[in-house]
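Peer 1: A single structure is presented below for examination.
The values are calculated or read from the model by the stated rules, or taken from the named source; none is laboratory data. From a predicted model like this one, the values you see are computed outputs, not experimental measurements. Cβ placement follows ideal geometry from the backbone for every residue including glycine, while neighbour counts extend to all protein chains displayed. With ligands, DNA and RNA removed, areas are computed over all heavy atoms of the protein, side chains included. Shrake-Rupley method; radii C 1.70, N 1.55, O 1.52, S 1.80 Å.
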Amino acid sequence: GLDLVNIHLFHDASNLIAVNSSPSIYSANRKKALRYVINRISDSPSNPFPFFLFGDFNFRLDTLTLVQRLTIEADVVKVMKDRTNEVEKIIFEEKDDGRQMLLQIEEKLFEYVHQAVFRKDNGRA
């Protein structure tokens with residue numbers, strides 16, 4: 001016998017939260033959930049079969065490290081929500097006189113202006 005286990009782990013609900021720490025809190029939640037499923041299957045005395053785990057693991061880039069690398073020479077502008085002390089968006093701007101936006105991060109938006117960096121050398125950087 002063989003057990004096929006389809007899993008769908010948690011996504012990153014907010015880019016603003018994911019960029020706060022490395023690894024993100026979402027990554028820690030996915031890790032706990034994956035360990036839970038594996039332990040439940042492995043420790044079950046009524047299930048002696050090997051298993052194959054597949055599905056949507058919702059792997060993500062390390063958002064904090066990626067942002068730090070993309071915005072080494074940028075100024076940070078945090079836009080706050082009205083009447084609260086919550087960050088609505090984070091904008092990274094060039095330091096020169098043009099102040100061109102390099103990156104904008106919102107809860108469900110990650111907009112990087114220089115897309116060529118992801119295509120150059122097949123995205124190895």
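Peer 1: Using only Cα atoms, what is the ratio of the radius of gyration of the chain to 2.2 N^0.38 Å? If you can, show how the numbers build up before the last one.
Peer 2: On the way: Rg = 19.7 Å, N = 125, 2.2 N^0.38 = 13.8 Å.
Here the answer is 1.43, to two decimals.
Peer 1: Also, quick follow-up: Could you tally up the Lys pairs in the chain with alpha carbons closer than 26 Å? Skip any pair fewer than 8 positions apart unless they're on separate chains.
Peer 2: Lysine pairs meeting the criterion: 12.
Peer 1: Mind jotting down the distance between the C-alpha centroids of the stretch 31-48 and the stretch 69-112, whole Å?
Peer 2: The two parts, judged by their Cα centres, are 42 Å apart.
Peer 1: Projected onto the charge dipole of the chain (+1 at Lys/Arg Cβ, -1 at Asp/Glu Cβ, origin at the Cα centre), which of M80, L102, L66 gives the Cα projection farthest towards the positive end?
Peer 2: It is L66.
Peer 1: Right, another one. For the stretch 36-96, just say rounded, prolate or oblate: build the C-alpha gyration tensor, square-root its eigenvalues into a ≥ b ≥ c, call rounded for a/c under 1.5, and beyond that prolate if a/b exceeds b/c, oblate if not. Display every interim value, and only then the final one.
Peer 2: Numbers: a/c = 5.79, a/b = 2.62, b/c = 2.21.
It comes out prolate by the Cα gyration axes.
Peer 1: Tally the DSSP beta bridges in the chain and give the antiparallel ones as a percent, rounded to 5.
Peer 2: Details: 16 of 22 bridges.
DSSP beta bridges in the chain are roughly 75 percent antiparallel.
Peer 1: Moving to a separate point now. Which value, in Å², gives the accessible area per residue of the stretch 1-48 when a 1.4 Å probe is used on the protein heavy atoms?
Peer 2: Details: 3250 Å² over 48 residues.
Here the residues of the stretch 1-48 average 68 Å² of exposed surface.
Peer 1: In debye, nearest 20: dipole of the chain around its Cα centre with unit charges on the Cβ of K, R (+) and D, E (-)? Before the final figure, lay out the partial values.
Peer 2: Working: 17 positive and 18 negative charges, 91 e Å.
That gives a dipole near 440 debye.
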